[in-house]
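Data first, discussion second: the structure below is written as structure tokens.
We did not get these values from a lab; they are worked out from the coordinates using the rules stated. It should be emphasised that the depicted structure is a prediction, and the values quoted were computed from it without experimental measurement. Quick reminder, even Gly has a Cβ in these numbers, built from the backbone with ideal geometry, and neighbours come from all protein chains shown.
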Amino acid sequence: MANDRHKITKERVEFLRDAIERCLDRRIKTPTDFTFLADTITTRLRKTVSATTLKRIWGYINDTGRDYLPGRYSLCVLSQLIGYRDFEDFLDDMMPGKLSSDTIESTGETIATCGLGSNVVVKVWWSVDHMIRMLHTNGSCFKVIETCNTDLQIGDIAEYTSLTQNAPLYISRLTRVGSEPRSYIAGSRTGVRFEIETPSYND
């Protein structure tokens, strides 16, 4: 049973919507977008949230009234889409600044990954001992070449469009041989730090 910390509110639903759009690297605002999101949920999770329900959650339709709040099932499925166990886990992990004083300040520089050269290595780290090194292959695609205390594996392909110092890293598509593509968030509580390295080898 959700306590006040996990209470469903419009603000918290909006925060989840924003996190999903960042993870998918796509604004959800047209009928095509809602169909895409519903299909993505079915493909990745083998669960169902209808496009109509998603339209209600995003406020695209208001057929149930202005005070509509989605049910916990839909919010849990959406949270699972971006790597959380359920909606409560999402709130605990992603909203410290909303629910307490531990606000993540995103004050650092932002770079677009499409501007990086091929064979550039990006090192990303957060918390005490979490680290990923990724080789930029092309566009927004990176190959994981080293990882420490993360769920990523060497050889994973991570796709993301930008990096910001002191903000979470939203990987919109993480591809691993033998597994369904999924999204991934690094540094959700603390934000990440990154540096661009000159590679000493070709991977």
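Summary table below
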{"item": "Cα gyration tensor, the stretch 110-197 - rounded (a/c under 1.5), prolate or oblate", "result": "rounded"}
{"item": "Point-to-point label distance, Arg17-Ser179, nm (Cα→Cβ direction, 7 Å offset)", "result": "3.0 nm"}
{"item": "Karplus (6.51, -1.76, 1.60) ³J(HN,Hα), θ = phi - 60°, over the stretch 151-160, in Hz, Gly and Pro reported as x", "result": "7, 7, 10, 4, x, 4, 10, 10, 10, 7"}
{"item": "Gyration tensor verdict on the stretch 4-99 (Cα atoms; rounded if a/c is under 1.5, prolate if a/b is larger than b/c, oblate otherwise)", "result": "oblate"}
{"item": "Sites excluded, GluC sites (Glu not before Pro) in DSSP loops with at most 11 other C-beta within 10 Å, longest stretch of the chain", "result": "1-104"}
{"item": "Directionally averaged shadow of the chain, computed from the convex hull of its alpha-carbon atoms, nm²", "result": "12.4 nm²"}
{"item": "Angle between the chain longest axis and helix 10-24 axis [Cα atoms, degrees, rounded to 10]", "result": "40 degrees"}
{"item": "Lysine pair number, Cα distance threshold 26 Å (strictly under), the chain, separation 8 or more or different chains", "result": "14"}
